1. Can you tell me which of (1) in contact with a Pro (Cβ under 8 Å, 6 or more places away or on another chain); (2) at pLDDT 90 or above; (3) of a type outside the set (A, V, I, L, M, F, W, C) is the one Pro156 doesn't meet?
2. Among the residues of the stretch 85-105, is any farther than 30 Å from Ala27 by Cα, assigned to a loop (DSSP other than H, G, I, E, B) and modelled with pLDDT under 80?
3. How do the pairs read when you match residues in the stretch 130-141 that are free of Cβ contacts under 8 Å to residues at least 40 places away in the same chain with residues anywhere that are charged (D, E, K, R) and in a helix (DSSP H, G or I), using Cβ under 7 Å and keeping only pairs 6 or more apart or on different chains?
4. Looking only at helices (runs of 4 or more DSSP H) that lie completely in the stretch 164-271, which have at least 3 residues being within 29 Å of Phe92 (Cα to Cα)?
5. Pairs, please: C-beta under 8 Å, at least 6 apart or cross-chain, first residue closer than 14 Å to Pro122 by Cα and in the stretch 8-26, second charged (D, E, K, R)?
6. Report the residue count in the stretch 113-163 for those that are in a helix (DSSP H, G or I) and over 25 Å from the mean Cα position of the chain (by Cα).
7. Does the stretch 1-18 hold any residues that are in a loop (DSSP other than H, G, I, E, B), modelled with pLDDT of 50 or more and surrounded by 10 or more Cβ atoms within 10 Å (Cβ to Cβ), and which are they?
8. If I go through the stretch 209-234 residue by residue, how many of them are at pLDDT 80 or above and more than 19 Å from the chain's Cα centre (by Cα)?
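The values are calculated or read from the model by the stated rules, or taken from the named source; none is laboratory data. What you are looking at is a predicted structure, and each value in this text was computed from that prediction instead of being measured. For neighbour counting, all protein chains shown are included, and Cβ atoms are generated from backbone atoms with ideal geometry for every residue, glycine included.
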Amino acid sequence: MVHDEKRMSFTEHLGELRTRIIRSCIALTVAVIACYAFSNQIFELLAWPLKPLSSHGVIQMEQEGDGGETEKPADETKSRDLEWTVLNPLEFILVKIRIAGYGGLVIAFPFIVWQICAFIFPGLYSNERRVVQILMAGCSSLGILGVGVAYFGVFPLVLPYLLEWIPAWVQVQLRLNETLSIIIKGLFGFAIAFQFPMAVLILVYMGLLTPQTLKKYRKMSIIGMSVVAAVLTPPDPFSMLVMLLPLVILYEFSIWLSYLVIRRKSKEAAE
């Protein structure tokens, strides 16, 4: 507790908490309304990873004069156009509401976190504040990095590849609601997966894990990550490596960070 801070009564704490909650709700409401107004543009951004299909093209079948079929190269064919479909009159409105809800939460989240920190930080010591700030900065940075890797690296390669497996004589129609769910869940999954280094740092700081343990079980961990990448990607080595490589890099990064944590703990103990 900061020594020069005025001590507040229980009622005053409740009043401050109420103020923080009201401000957070107002910010969330404004963000949701703004995202609903631009929901069409937001959906186009979310669906961007599917766009490379229109530039890469697909292999189509054309009839020869003798009745046989030959494969026409992708660069000589007209690219396949995607069609978005809905199954009931309310589905498009519900999709816009979902986009507004998710987008509003993402936009208002930093302000909500700031309100939470403003409420709890006065009750923390300076070293505890520093630890919380480091964790928040690390989790936020890794989450943004995970979303960026999925959005710019994995999805533009994997999603069009999955569609190219569909025969040319099958018409491709993507349902708005289901496709949106796949994209959002994928982005959220990568954001969560990239929190692995922070989880390792917490365990190392608590003394439940050591860098030697991480190095000892490195091979087993890579095998486990390979299995996960093989299950979540199409059955080809390239797609599997696209997902496996970031996970391996994060694992090695966690080992390096764990040494820094151990060194800092030793320095603090010596002081």
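1. The number of the failed condition is (2).
2. Looking for residues that are farther than 30 Å from Ala27 by Cα, assigned to a loop (DSSP other than H, G, I, E, B) and modelled with pLDDT under 80, one finds none in the stretch 85-105, hence no.
3. Close Cβ pairs satisfying both conditions: none exist.
4. 176-193
5. Short answer, once both residue conditions are applied: Met8/Glu16.
6. Qualifying residue count, the stretch 113-163: 11.
7. Listed by number, the list holds a single entry, Met8.
8. So the count comes out to 18.
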